[in-house]
1. Criterion first (surrounded by 19 or more Cβ atoms within 10 Å (Cβ to Cβ), aromatic (Phe, Trp, Tyr) and closer than 30 Å to B:Glu160 by Cβ) does B:Phe133 satisfy it?
2. Just to check your reading of the model, which residue among B:Arg64, B:Arg87 is surrounded by fewer than 22 Cβ atoms within 10 Å (Cβ to Cβ), basic (Lys, Arg), touching a Cys at 6+ places or on another chain (Cβ under 8 Å) and farther than 19 Å from B:Ser154 by Cα?
3. Those residues that are surrounded by fewer than 19 Cβ atoms within 10 Å (Cβ to Cβ) and part of a helix (DSSP H, G or I), I need them from region A:240-256; list them, please.
4. Is region A:251-267 home to any residue that is polar (S, T, N, Q), in the same structural domain as A:Arg285 (by TED's automatic domain parsing) and touching a Lys or Arg at 6+ places or on another chain (Cβ under 7 Å)?
5. Go through region A:161-193 and give me each residue that's surrounded by 24 or more Cβ atoms within 10 Å (Cβ to Cβ) and either assigned to a helix (DSSP H, G or I) or not assigned by TED's automatic domain parsing to the domain that holds A:Leu9 (or both).
6. Residue under question is A:Phe113, and the condition is that it be crowded, with 16+ Cβ neighbours inside 10 Å, in contact with a strand residue (DSSP E or B) (Cβ under 8 Å, 6 or more places away or on another chain) and modelled with pLDDT of 95 or more; does it hold?
7. Which of the residues belonging to region B:219-264 are within 10 Å of chain A (Cβ to nearest Cβ) and acidic (Asp, Glu)?
8. Could you check, for region B:160-170, whether at least one of its residues is aromatic (Phe, Trp, Tyr) and out of contact with any Leu (no Cβ under 7 Å at 6 or more places or on another chain)?
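The values are calculated or read from the model by the stated rules, or taken from the named source; none is laboratory data. Just so it is clear, the model here is predicted, and its values are computed rather than measured. No Cβ is skipped: glycine too gets one built from the backbone with ideal geometry, and neighbour counts run over all protein chains shown.
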Number of protein chains: 2
Amino acid sequence: MPAILQQRLKLELPIIQAPMAGVQGSALAIAVCNAGGLGSLPCAMLNPMQIRSELEIITGNCNRPFNVNFFCHQARAFDAAREKLWRDELGPFYREYDIDESIIAPAQGRKPFNEAALELLQEFKPAVVSFHFGLPAADLLDAVKATGAMTLCSATTLAEALWLEQHGIDAIIAQGVEAGGHRGMFLSEDLSEQVGIFALLPQIVNAINLPVIAAGGIADAAGVSAALSLGADAVQLGTAYLLCDEAETSAVHRAALQSPAAVHTALTNRFSGRPARSIVNRVMRELGPMGEVSPFPLAGAALAPLRAAAEANGSSDFSSLWAGQNTSGCRQIGAAEMTRQLASKLS
Amino acid sequence: MPAILQQRLKLELPIIQAPMAGVQGSALAIAVCNAGGLGSLPCAMLNPMQIRSELEIITGNCNRPFNVNFFCHQARAFDAAREKLWRDELGPFYREYDIDESIIAPAQGRKPFNEAALELLQEFKPAVVSFHFGLPAADLLDAVKATGAMTLCSATTLAEALWLEQHGIDAIIAQGVEAGGHRGMFLSEDLSEQVGIFALLPQIVNAINLPVIAAGGIADAAGVSAALSLGADAVQLGTAYLLCDEAETSAVHRAALQSPAAVHTALTNRFSGRPARSIVNRVMRELGPMGEVSPFPLAGAALAPLRAAAEANGSSDFSSLWAGQNTSGCRQIGAAEMTRQLASKLS
């Protein structure tokens, strides 16, 4: 089967570097693009000025197609009662670290994709725009497509893939439950509906008339090749790039990825308010990975001072340690070399 | 890479039909064996007389290698207080069906692998013996190996695979979280440690010096081929065989597998006391898939009259609907034909 994404985008390799907000910026994207893959810029935690700056760096250092990624969550209002519950649960940790709750900075919202972001797309015209947590409103999506961009969105269930096809997406990222970071789920909050990529991919490929990109649990050249043989048009990998030189992965996060603890990840809403896969650390273990925290993306604020205090001591006890279920492919090498290695078993 | 299992067992195909207690017996195993795969007889719910009878049927109808499977759970004592809690939770259903609790038959234990089973293995000398929920005691395992049988056991985590290698198993079944029926987990009860086959398989293959069999989420020829390319020596499939003519899958179970409901499975301990993957039905939805039920295998007794009453009305509301996360390969065909189709993309 011809790789549709590769043909349409004139990509050398059917490999997409997964956008990973908070742990990478333009440098990783550029390295992957210049190696023949599709690099991605995650914009979820950037304001328009920062996005512009990153886009200028990418277009100044790379004349290949690249992907710009946005979150499309429903922004929820701050809920003082829920925040209090969450802070009360953290109380023993605040006391342990001698943290005065009154100094906790208010949560910084992450804005979903909006008009300001659209204007940047209209100006920079990236070849690919990808969305997570569903799609923007129809008029916004139409305007994105009018820029000439190919649009992608994550689906975590067959129902989400069908919904995305009906709403005009160009290609679907099948996000297996193995994937690190935030689950892209948007039609249901029931974690039991999240399935492994080996089960999800064929179901979506059989039901959908669009290119399907496999994501989750793919860590090496054998995994890339196996995903393509299961019917994927391309693959998307994030975890494999986390130790790469160009990633901005923190020191405690890098240490966790290289430790035996990396074998045990769980879906947790403690760090942001939405379920995301992280290596299990102290806060997840002692409070449980899922709980009544402030809604996305506000939950992180209450953890921030604990995270800062712990990280200052080299501890990852309160840090989001995003990782997929398969960290066996992580290497401390350049992202270009990683991309070439991932493609080394393609025929 | 040469398929070690195939060579050692002189198997035509690297395909194992997963043992599925309660939904199949000798007929399915014989059909798969005669088609060149490795058929399996699940013994968990059979007494020694029944096992003997099934083994006589297999050896009378097939002169190829076959697999005999046993559970190795720690049998737990009946706990009257816990049983009362479980029955209280079912109370509204008993009243709805007008069921008198006093008629509920006491739970029938399922015996773990024992001396009586060993004697049958010594007599019938099957080529393969597989275990679920860990291994029998060392002397029993040694005695099984002394019969000449190749021994297999399920591992659901890297830690379990390492443990099995240390304890002398001949080959490991990597059971991805996608798999239907009972999780083989035996070193931990933490469901968050259960990972997708795409992540589990390479981790075990990299760490272990034994043949590794991939199980979970594999539904068709492309899946078989992809699992082998990820480093599996062979694959084990159960769900794909559930609609086959020779399976004893009940009418309500067959109907559920062919319905849109099949796309949503969950791990539940409601039917037996141990986590197992079933299509979500009424009892799982209304009580939640996991709960404080009687310990394995005793939980099923309290559900039995509800199951019988519902099934008499064609309802699967209280039935264990074992299925993996990928039912897309289920077909109402003979098991020999299914086996050949699953092998159709092997080079």
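1. Values: surrounded by 19 or more Cβ atoms within 10 Å (Cβ to Cβ): yes; aromatic (Phe, Trp, Tyr): yes; closer than 30 Å to B:Glu160 by Cβ: yes.
Yes: the conditions hold for B:Phe133.
2. On the way: B:Arg87 fails: touching a Cys at 6+ places or on another chain (Cβ under 8 Å).
Unique residue meeting the criteria: B:Arg64.
3. Filtering region A:240-256 down to residues surrounded by fewer than 19 Cβ atoms within 10 Å (Cβ to Cβ) leaves A:245, A:248, A:250-251, A:254-255.
Passing the criteria: A:Ala251, A:Arg254, A:Ala255.
4. yes
5. The answer is A:Ala161, A:Leu164.
6. On the way: crowded, with 16+ Cβ neighbours inside 10 Å: yes; in contact with a strand residue (DSSP E or B) (Cβ under 8 Å, 6 or more places away or on another chain): yes; modelled with pLDDT of 95 or more: yes.
So A:Phe113 passes the test.
7. If the condition is that a residue be within 10 Å of chain A (Cβ to nearest Cβ) and acidic (Asp, Glu), then B:Asp220 is the only one that fits.
8. Taking region B:160-170 and keeping what is aromatic (Phe, Trp, Tyr), we get B:163.
The next check asks that each one be out of contact with any Leu (no Cβ under 7 Å at 6 or more places or on another chain); those that pass are none.
No - not one qualifying residue is present in region B:160-170.
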